[in-house]
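Engineer: I have a structure I would like to understand better, so I am pasting it below and will then ask my questions one at a time.
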């Protein structure tokens, strides 16, 4: 290649680099100007609604709308202002914690026995058209709605609540609060335990039900006295409990099939240290509860379930929950099981 051609190539490359850099700088400048405008609009919105502008932390643009992350002057509370594609404020999350606290207070006032509340609040579905699925995951108030401590019903109109609350020795019968929660489109449940000790043990446990349709507290079903299930679709609730049955010195339940029965198997595996049993229920989640007092060596025992052939069966340790050793039987049609000794015991 001649020196002239080389020089031309170098010049062309330099022009391309300069043009590219100019394009990048122009894009950055446009983003800076756009973000600055979004922040100004969001701050004006806050000033008009709440009387302050907030400290800006971040600006995001995605899926056709914008959001600005703010913190209070102590940098403790974080909240967002959401704007639509035309940069018009849609809602803000500044009072989310205040609304959640007010709901918690109502529950504790109605049920002093309440020990723990897990609560999420979500905006009305009318915002989905503007914010897409993001509206399903946030709670905010529009420019015309402000929580003043006394207008909780108006603030929660058309919203959705996801709620789980745990109680000790509580009566979960119908009450003005349960009716109010139904009207607030609540999905979730109230769960009452017999004692604070059993509830505390459950809350500190790492139980996992393995079945998406069954909550983890099923492992402590013998200690649960009442459950109130809330259905947001029908705006109603039902008082219920796990359908526990007793037979041959053990407890068992299949939440989806309340009338399930337990039968002793005629077969006996060579390594079994207990009778074999099976439940006449369809393929779903079932749970068996052995009183630990009846199993002196429960720590060294394994549950064998699924089938009695080596290739098909599953072997796993018993799960200790309070005074019971629990066996979860998930996904087996007419599940069967027996107990065996651990090989090292």
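Since every read-out is calculated from the coordinates, none of them should be taken as a lab result. Because the structure is predicted, anything quoted here is derived from the model rather than measured. Because the Cβ atoms are built from the backbone with ideal geometry, glycine has one as well, and the counts that use them run over all protein chains shown.
Engineer: Over the range 219-291, what relative contact order in percent results from Cα pairs under 8 Å that are six or more residues apart?
Structural biologist: That works out to 26 percent.
Engineer: Classify the range 66-204: rounded, prolate or oblate, from the alpha-carbon gyration tensor (a ≥ b ≥ c, eigenvalue square roots; a/c under 1.5 rounded; otherwise prolate if a/b is larger than b/c)?
Structural biologist: prolate
Engineer: If I take every Cα pair under 8 Å that is 6 or more residues apart in the range 235-345, average their sequence separation and divide by the length, what percent do I get for the relative contact order?
Structural biologist: Value for the range 235-345: 29 percent.
Engineer: Please identify, among 205, 232, 120, the residue showing maximal mean-square fluctuation in a Gaussian network model of the chain using a 10 angstrom Cα cutoff.
Structural biologist: 205
Engineer: So, one more: So what is the relative contact order of the chain, in percent, for Cα pairs below 8 Å that sit 6 or more residues apart?
Structural biologist: On the way: 604 pairs, mean separation 31.6, N = 345.
Taking the mean separation of contacting Cα pairs over the length of the chain, I get 9 percent.
Engineer: Determine the gain in length on full extension of the stretch residue 28-residue 84; use 0.36 nm per residue of separation and subtract their C-alpha separation, reporting nm with one decimal.
Structural biologist: So the extension gain works out to 18.0 nm.
Engineer: For the range 151-204, what does the equivalent ellipsoid look like in terms of its semi-axes, each the square root of 5 times an eigenvalue of the Cα gyration tensor, given largest first in whole Å?
Structural biologist: Taking √(5λ) for each Cα gyration eigenvalue gives 26, 12, 8 Å.
Engineer: So if the hydrodynamic radius of the range 248-341 is defined as the Kirkwood radius over C-alpha pairs, what does Stokes-Einstein give as its diffusion coefficient at 10 °C and 1.306 mPa s, in µm² per second? Could you put the intermediate results ahead of the total?
Structural biologist: Numbers: Rh = 13.2 Å.
D, rounded to a whole number, is 120 µm²/s.
Engineer: Taking N as the number of residues in the chain, what is its Cα Rg relative to 2.2 N^0.38 Å? Walk me through the intermediate numbers first.
Structural biologist: Details: Rg = 29.6 Å, N = 345, 2.2 N^0.38 = 20.3 Å.
In units of the globular-protein estimate, the chain measures up at 1.46.
Engineer: Report, to the nearest 10°, how far helix 3-50 tilts away from the longest principal axis of the Cα atoms in the chain, using its own Cα long axis and a range of 0 to 90°.
Structural biologist: In the chain, helix 3-50 runs at an angle near 70 degrees to the longest axis.
Engineer: A further question on this structure: If you fit an axis through the alpha-carbon atoms of helix 96-110 and take the longest principal axis of the Cα set of the chain, what angle between them do you get, 0 to 90°, nearest 10?
Structural biologist: 30
Engineer: Another question about this same structure. Could you give the nm distance between label points at residue 261 and residue 320, where each point is 7 Å from its Cα heading toward the beta carbon?
Structural biologist: It works out to 3.5 nm between the two label points.
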